[in-house]
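Following: one structure in structure tokens, then a few remarks.
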Amino acid sequence: MSAVHTVAPSPVGTRTLSGRRLAALVRERCGDEQLAHDVDVVARILPFKVSGHVVDELIDWSRAPDDPLYRLVFPHRDMVTPDQYTAVERALASPGALRAAVAEVRRQLNPHPGDQLTRNVPHGPDGSPVDGLQHKYARTVLVFPRQGQTCHSYCAYCFRWAQFVGEPDLRMADDGPAAMTAYLRRHPEVTDVLFTGGDPLVMRAEMLRPYVDALLAPGLEHVVTVRIGTKAPLFHPARLTAAPDAPALLRLLERVVAAGRHLAVMLHISHPRELAPDTTRAALAALRGTGAQLRSQAPVIRHVNDSAETWAESWRVQVALGVHPYYLFVERDTGAQRYFGLPLHRAYEIHRDAVEALSGLGRTARGPVMSTTEGKVIVDGVTELPGGERAFALRYLQARESGLVGRPFHAHWDAQAQWWSQLRPLGSYDRRFFPGADREGGP
Ligand code: SF4
């Protein structure tokens with residue numbers, strides 16, 4: 001399949017662009033000085049990085065800045081408030097003032113939504129935190145390998161953006177597999193380990209191998225599923241097809257399957273055009289060839305994929321390529337939410353209408369789902385109560401308090417609400433489903 005862009009100055013090729021080079025590229029490709037300046041300012045606040053594959057194969061430069069793939073990865077001034085933009089722009093001339101202005105704006109952008117650092121990090125027998133792990137739900141542990149805390153490109157909406165801004169206090173990362181192994185030995189209830197980040201497939205195979213060896217060693221047989229969260233086939237498919245250690249990586253994944261474990265590759269797929277390049281299709285085929293099951297997830301976001309047609313097309317193609325649609329998420333309350341966020345009722349309509357256009361095998365994505373401090377809450381619909389009042393019908397798919405899972409509850413209808421913290425329980429029965437309300441500033 002050929003590239004979609006119509007304006008093709010020199011290709012970026014295998015390079016990755018970030019910082020000032022993004023502004024230079026926008027200046028060169030779009031010829032818009034103000035747009036390039038905005039890119040420069042906003043890229044001081046949030047992390048941006050774009051792979052050559054995204055620049056050369058995915059973005060339609062003739063439609064930039066309105067092209068959805070451009071919007072997915074490039075800075076835009078509307079990602080921050082006018083005050084935040086001005087504060088950083090005014091500080092550009094002074095490195096000290098710039099550092100302070102950027103730090104303050106980042107603090108305002110809720111760098112760790114869902115109390116990730118305070119409530120998800122587990123503790124060892126001596127009470128000290130186990131760095132680089134998160135254990136929110138009983139059966140699943142998240143592992144953040146230190147060398148995997150970056151991605152081939154950054155999605156501008158990423159809720160893990162604080163991982164990428166170079167501030168150690170905002171970063172989750174482990175010190176190798178030993179802590180993971182020790183923790184899992186103490187927790188036989190854990191059945192799933194998710195390697196996440198960042199993108200663990202930025203790691204060389206030899207760096208990933210000790211983690212796999214540790215999981216397959218005697219004593220951790222209770223870990224039956226190994227998940228890897230990645231966007232590599234979409235952002236840098238050569239990682240799985242042409243990189244020098246691509247064969248070694250694929251052999252490593254095969255070993256997981258050969259050991260009798262379920263290997264789940266959790267793909268982050270934002271737009272159907274990401275699935276078009278032949279290189280991406282080859283990368284997906286290579287992953288499937290290891291015996292891995294491929295699943296997909298992504299948030300529904302303004303400017304990129306805010307239509308039922310886009311999702312229906314994406315899920316249709318995914319099924320044809322052997323990918324199981326898994327989650328449609330709601331944009332989280334962090335970073336550039338003001339730019340990407342949608343009202344919950346709109347997210348629900350998009351999911352409903354997309355599913356309606358597909359056969360049963362394309363209807364497997366649960367959504368829209370809010371990954372909140374207390375758990376994963378699905379918006380099942382908008383219901384009309386006796387008396388005519390409208391309400392959101394909600395349900396926990398996962399919860400810290402397992403007794404909340406699967407029981408329907410309601411919140412008052414709110415046409416503007418974009419996130420959990422903006423919802424109010426409908427009645428006294430529903431209040432028990434909002435246990436984190438005080439912490440999240442909710443009802
Ligand atoms: S690939 Fe995932 S972790 Fe990386 S920037 Fe995108 S959403 Fe964030």
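The values are calculated or read from the model by the stated rules, or taken from the named source; none is laboratory data. Treat the numbers as computed from the prediction; the structure is a model and nothing was measured. In this analysis, Cβ positions are derived from the backbone assuming ideal geometry, glycine residues included, and neighbour counts consider all displayed protein chains. Surface areas here come from the heavy atoms of the whole protein model, side chains and all, with no ligands, DNA or RNA. Shrake-Rupley method; radii C 1.70, N 1.55, O 1.52, S 1.80 Å.
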| Put +1 on the Cβ of every Lys and Arg and -1 on every Asp and Glu Cβ in the chain; which of 222, 97, 137 then has its Cα farthest towards the positive end of the dipole? | 222
| remark: Non-local residues with an amide H under 5 Å from the amide H of residue 194, with H modelled 1.01 Å from N and Pro and chain starts lacking one, are 141, 142, 143, 227
| message | Nothing charged except the Cβ atoms of Lys and Arg (+1) and of Asp and Glu (-1): what's the magnitude of the dipole of the chain about its Cα centre? Round to the nearest 20 debye. | response | 700 debye
| Counting alpha carbon pairs within less than 8 Å and at least 6 residues apart, what relative contact order, in whole percent, applies to the chain? | 11 percent
| request: Would you mind pulling out the separation of the Cα centroids of region 189-237 and region 332-346, in Å? | output: 30 Å
| If you place +1 on the Cβ of every Lys and Arg, -1 on the Cβ of every Asp and Glu, and leave all else neutral, what size is the dipole of region 16-108 about its Cα centre, to the nearest 20 Debye? | 460 debye
| message | Given a 1.4 angstrom probe, I'd like the percentage of the accessible area of region 16-108 that is carbon and sulfur, rounded to a whole number. | response | 47 percent
| said: Restricting to DSSP H runs of at least four residues, report the calculated mean residue ellipticity at 222 nm for the chain, -39500 (n - 2.57) per run over all residues, nearest 500 deg cm²/dmol. | reply: -9000 deg cm²/dmol
| field | Residue-normalised accessible area of the chain, given per residue in Å² at a 1.4 Å probe | value | 40 Å²
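Packing-wise, with mean Cβ within 10 Å as the measure, how do 274-284, 91-101 rank, highest first?
Peptide ranking by packing, descending: 274-284, 91-101.
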| said: Can you return the lysines within cross-link range of residue 49? Criterion is Cα-Cα under 20 Å, with same-chain partners fewer than 8 residues away left out. | reply: 231
| said: Is the C-alpha gyration tensor of the chain telling us rounded, prolate or oblate? Criteria: a/c under 1.5 is rounded; beyond that, a/b larger than b/c is prolate, otherwise oblate. | reply: rounded
| note | Of 41-49, 124-132, 193-201, ordering from highest average Cβ density within 10 Å down gives 193-201, 41-49, 124-132
| query | Is region 265-368 best put as rounded, prolate or oblate by its Cα gyration tensor, with a ≥ b ≥ c the root eigenvalues, rounded for a/c under 1.5, and otherwise prolate when a/b is larger than b/c, oblate when not? | reply | prolate
| request: Calculate the spin-label point distance for residue 187 paired with residue 37, positioning each point 7 Å from the Cα along the beta-carbon direction, and give it in nanometres. | output: 5.0 nm
| So what is the relative contact order for region 113-295, in percent, with contacts set as C-alpha pairs under 8 Å and at least six apart? | 19 percent
| Which shape class applies to region 113-295: rounded if a/c is under 1.5, otherwise prolate when a/b exceeds b/c and oblate if not, where a ≥ b ≥ c are the square roots of the Cα gyration tensor eigenvalues? | oblate
| query | Which Cα, out of 24, 250, 86, lies furthest along the positive dipole direction of the chain (beta carbon charges, K/R +1, D/E -1)? | reply | 250
| remark: For 295-304, 249-258, 11-20, 137-146, ranked highest to lowest by mean beta-carbon neighbours within 10 Å, the order is 295-304, 137-146, 249-258, 11-20
